[in-house]
Amino acid sequence: MGIMTKSKENFSGKTLVLWVTLVILILLIVFLVVSKGMESSKENVIKEQVGIIKLRLATFIELRKRSILDITAVLSKDTRIANALETENYNELQTILDSMQSEVFNKIIKVSDKSLDARSYVSVQVIDLNGKIVASTATKDRHGNVSQAVGDNVSSFWAFKKMRATSGFLASIDFDRQGIVLRALAPIVKDGRMIGVVQIVENIEDSIGGYMEANRYMYMINMAPKFNSYATNIKDSLKFNDGLVVNYDQVEKELLDILSKAGLNKDSEYLVIENLVFIPLNLITTPATSSDTEISKGEYIATIYIAVYKQDILQQ
């Protein structure tokens with residue numbers, strides 16, 4: 001009896017151990033499945049929000065381009081500008097531009113970003129048929145650079161070459177000596193012939209600065225390497241993926257090293273590093289005017305890398 005009782009006790013003890021072990025294994029499997037599901041759910045949320053963030057910023061930039069283009073179109077039909085250009089009265093032309101500068105600023109800011117409370121560096125130019133800027137409101141930008149000034153020649157610019165009496169208007173993301181800009185052009189037409197061009201240019205840092213701040217986004221603008229030699233006014237000591245970093249005063253070299261080692265580039269969908277999600281938005285030129293029936297593929301000129309707090313994305 002003693003041996004049988006002891007044997008039953010041993011059997012019961014082993015059975016209990018097996019059951020406890022089985023329960024622990026089941027709980028562990030459930031935990032792993034739930035954890036994996038939660039992580040998968042987080043990844044899906046991040047992926048979905050990345051697409052939304054890119055679309056919203058791209059839409060904002062398009063609206064900004066439209067605002068600038070609308071004012072450019074109005075100025076191109078101003079008879080005072082046309083008359084002064086035709087008679088080569090460039091002093092009068094400069095006076096006209098200077099007198100409407102603040103109004104132009106206010107219209108662009110009001111239409112495209114009602115919350116923006118910062119000085120814009122939008123500049124207006126009148127260009128003659130030879131591509132020479134004969135009047136301009138351009139001043140130093142935030143980095144102390146001046147481009148699109150009186151005397152500059154833009155005859156080699158693809159956008160200027162597009163202008164003709166029947167061309168219609170053009171608004172595009174483009175490059176300049178100061179970096180990446182939004183550019184709008186419209187032909188000045190008199191008696192059926194083009195006598196010049198009106199142009200408005202805005203540094204893209206000014207275009208998107210208020211939007212980024214309002215959404216708690218950080219960002220970096222990275223030029224395509226092929227434009228490094230052209231953007232001579234940008235410091236060339238700060239590069240990412242071999243292209244110049246335009247807003248170099250907002251980016252640390254240590255961060256660029258981390259992002260480079262992690263493999264972030266213009267073709268990445270997004271990249272998560274610790275508590276930040278990095279999202280690339282590529283900028284492409286618009287190679288056609290409003291009257292062109294065929295729109296060819298634009299040229300890649302830069303990438304905006306947006307940095308968003310991971311927690312902010314998951315709370316959406």
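Could you give each residue of region 196-208 its phi-based ³J(HN,Hα) in whole Hz, using Karplus coefficients 6.51, -1.76, 1.60 with θ = phi - 60°, and x for Gly or Pro?
Karplus-based 3J(HN,Hα) across region 196-208 equals x, 9, 9, 9, 10, 10, 9, 4, 5, 4, 6, 5, 9 Hz.
Can you work out ³J(HN,Hα) from phi for every residue in region 64-69, in order, using Karplus 6.51 cos²θ - 1.76 cosθ + 1.60 and θ = phi - 60°, giving whole Hz and x for Gly and Pro?
After applying 6.51 cos²θ - 1.76 cosθ + 1.60, I find 5, 4, 5, 4, 5, 5 Hz.
Determine the sum of side-chain charges near residue 281: Lys and Arg each +1, Asp and Glu each -1, restricted to other residues whose C-beta is under 11 angstrom from that of residue 281.
Numbers: positive: 54, 56, 266; negative: none.
Net charge in that neighbourhood comes out at +3.
Normalised by the residues of region 60-206, what does the relative contact order come to in percent, with Cα pairs under 8 Å and at least six apart? Before the final figure, lay out the partial values.
Values: 266 pairs, mean separation 40.5, N = 147.
Relative contact order here is 28 percent.
At 25 °C and 0.890 mPa s, grab the translational diffusion coefficient of region 210-314 from Stokes-Einstein with a Kirkwood Rh over Cα pairs, rounded to a whole number in µm² per second. All intermediate terms of the calculation are to be shown ahead of the outcome.
Details: Rh = 15.1 Å.
My calculation gives 163 µm²/s for D.
Report, by chain and number, residues whose modeled amide H sits under 5 Å from the one on residue 180, excluding near sequence neighbours (fewer than 5 apart, same chain).
Amide H to amide H, under 5 Å and 5 or more residues apart or across chains, residue 180 pairs with 204.
Report the Cα centroid-to-centroid distance between region 47-91 and region 275-303 in angstrom, as an integer.
Cα centroid of region 47-91 versus Cα centroid of region 275-303: 16 Å apart.
Cβ under 13 Å from residue 169's Cβ, residue 169 left aside: what net charge do those residues give with Lys, Arg +1 and Asp, Glu -1?
Numbers: positive: 65, 66, 77, 162, 164, 183; negative: 70, 292.
That works out to +4.
Take the residue pairs 132/253; 190/226; 65/261; 226/261 and return only those whose Cα atoms are more than 31 Å apart. Before the final figure, lay out the partial values.
On the way: 132/253 39 Å; 190/226 38 Å; 65/261 35 Å; 226/261 22 Å.
Beyond 31 Å: 132/253; 190/226; 65/261.
How big, on average over all directions, is the shadow cast by the Cα convex hull of region 60-206, in nm²? Show your work: numbers first, answer last.
Details: hull surface 31.5 nm².
Mean projected area for region 60-206: 7.9 nm², to one decimal.
Sum up the charges of everything whose Cβ sits under 15 Å from the Cβ of residue 292, counting Lys and Arg as +1 and Asp and Glu as -1, but leave residue 292 out. Write down the numbers at each step before the final one.
Details: positive: 161, 162, 164, 297; negative: 294.
Summing Lys and Arg as +1 and Asp and Glu as -1 gives +3.
What's the exposure ranking of 189, 197, going from fewest to most Cβ atoms within 10 Å?
Numbers: 189 17, 197 27.
So the residues, fewest neighbours to most, are 189, 197.
Determine, for 70, 191, 176, 292, the number of other Cβ atoms within 10 Å of each Cβ, and report the residues in order from fewest to most. Could you put the intermediate results ahead of the total?
Working: 70 18, 191 8, 176 21, 292 13.
Going from sparsest to densest Cβ surroundings: 191, 292, 70, 176.
Using the Cα centre of region 210-314 as the reference point, and only Cβ charges (+1 on K/R, -1 on D/E), how large is the resulting charge dipole? Debye, rounded to the nearest 20.
On the way: 9 positive and 14 negative charges, 21 e Å.
In debye, rounded to 20, region 210-314 gives about 100.
Laboratory data are not the source of any read-out in this text; all were calculated from the coordinates shown. In this text the structure is predicted, and so the values were computed from the model without any measurement. Quick reminder, even Gly has a Cβ in these numbers, built from the backbone with ideal geometry, and neighbours come from all protein chains shown.
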